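Step one of this worksheet: look at the structure below.
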Amino acid sequence: MTMPGRGRVSARVRPVLATAVSVLVVGVLASAGPAKAADPPHRVDNPYVGAQVYVNPEWADRAAAEPGGDAVAGQPTAVWLDRIARIEGTDGVMGLREHLDAAVAQRADLIQLTLYDLPARDCGRRAPPGELTIEDIARYQTEFIEPIVEILADPHYADLRIVALVEPNSLPNLVVNTGSRYTATPACDEVQARGTYLDGIGYALARLGTVPNVYAYLDISHHAEVGWPEDSGPLTALLYQAATTAGSTVANVHGFVANTANYSVLHEEYFRADDVVNGQPVYQSRWVDWNPFIDEVPYARHLRELLTGAGFSPEVGVIVDTSRNGWGGPARPTGPATTGDVNRYVDGSRIDRRAKVGNWCNQVGSGLGQRPTAEPEPGIDAYVWVKPPGESDGASGSPNTGGPYEPLCDPNYVPPRGSSYDTGAMPDAPPFGEWFPAHFRQLLANAWPPV
């Protein structure tokens, strides 16, 4: 699909199925002749404007095989590079070069890549488990970043705009899960003390910055993790530090991405953060919990303002992942609740139907969000589908199965003290990244706007 917006619109692209990619690529390569140095591509302010964005044929095939899935199978989604083996591809799964060749065959202008393999990723959380230990920063640099950059620098891909989404949820972890926070973990404290994430991200940005057609976007998490005033300042400082570490400069950061693989709505339509109900401010409700932000776009704009004030370019853009934040279906409210109780008012008015705003794993009731589009509203470069809809956030098994266990993916989770906690997670989910048909079908049924 073409992302609407200003600028040129490339040739219409016929769908490319996985079975046809190799034939098309052979034809393209055979006619291309020997590789030669290409002129540096023209940099643009917003890479999504006028761009035909790559449709991953592997995801498209899975989506089209589900009932009604062909209605969205042509949407562009990001390609996740979440371990070293993903670069070359394994077990019949396309590698990075195959995706780039397929993008050329599609006559795409832009491809989206998510780099997600830092040492001690997610502070060592077992689900999804990372492959690199805290000692493996050299492996991250030489076996992960360097091969990626070498492939991206191939002159055959010089006409592609390559959007690289760098290490989701890494730096925000160092804000909310370290120090004296009650959520702090020894693993996060150690990662922070060693500078592992700063060194890894700085190195990645510096190397990606050597490829003229790469546009790097740093992850800024979402409003329900780092929206509080005590969080936004430290996150801003960490982002700037990462962008100026290991040989990088802020010039290597083209923008920021919010809500990656999350479920936060773009705009809450039926209540505001400054509403007052029967004399009680909405921010004192259980759901809002003193957060000045209740939705993603205001949060993203606020972070962008802080980041440009800290030294990032005034031209940096922001994109928002809308792959699963639609929250349509019969539970979607149609107006504000009428009640004098602030908690009932918020719970009855909010579009985001999660049991708790911090829940993130295979959420019950979630739906596809806005379709990918360029310049959807002021201050936003694009709505994008970073997380491919239908790919699991993590396995829903119990802690007794012996495999990697993530409490927030367990629909029957009971905290250590025995108090109740509703994770909102769907049952029978497969491990991270595997196809989860029930979730995809739910996302399709609850899409907003409807499919």
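FYI, it's all coordinate maths here, none of it is from the lab. These numbers come from a predicted model, not from an experiment. Positions of Cβ are backbone-derived with ideal geometry, glycine not excepted, and every protein chain shown enters the neighbour counts.
Packing around the peptides 420-433, 247-260, taken as the average count of other Cβ atoms within 10 Å per residue, puts them in this order, highest first: 247-260, 420-433.
Per-residue Karplus couplings for the stretch 66-76, computed as 6.51 cos²θ - 1.76 cosθ + 1.60 with θ equal to phi - 60°, are listed in order as 8, x, x, x, 5, 5, 10, 5, x, 7, x Hz, Gly and Pro entered as x. Normalised Debye scattering of the chain at q = 0.11, 0.13 Å⁻¹ gives log10 I(q)/I(0) of -0.86, -1.25, counting only Cα atoms as equal scatterers and leaving out solvent.
Couplings 3J(HN,Hα) of the stretch 315-322, computed from phi: 8, 4, x, 10, 10, 10, 6, 10 Hz, in residue order, whole Hz [Karplus 6.51 cos²θ - 1.76 cosθ + 1.60, θ = phi - 60°; x for Gly and Pro].
Per-residue packing, averaged as other Cβ atoms within 10 Å, sorts the ranges 155-162, 222-229 into the order 222-229, 155-162, beginning with the highest. At 15 angstrom or more along the helix axis (alpha-carbon based) and mean Kyte-Doolittle of -1.0 or higher, what helices does the chain contain? Whole DSSP H runs only. Helices meeting the span and hydropathy rule in the chain are 18-32, 196-208, 229-243, 296-310. Over all other residues within a Cβ to Cβ distance under 15 Å of P186, the charged ones net out to +1, with Lys and Arg as +1 and Asp and Glu as -1.
Around P437, what is the net charge, scoring Lys/Arg as +1 and Asp/Glu as -1 over all other residues with Cβ under 14 Å from its Cβ? Surrounding charge for P437 is -3.
Apply the a/c threshold of 1.5 to the C-alpha gyration tensor of the stretch 313-451 and tell me whether it is rounded, prolate or oblate. In terms of gyration-tensor shape, oblate. Here the peptides 239-246, 310-317 are ranked by packing, the mean other Cβ count within 10 Å, and the order with the highest first is 239-246, 310-317. All other residues whose Cβ lies under 13 angstrom from that of E88 are scored, Lys and Arg at +1 and Asp and Glu at -1, for a net of -1.
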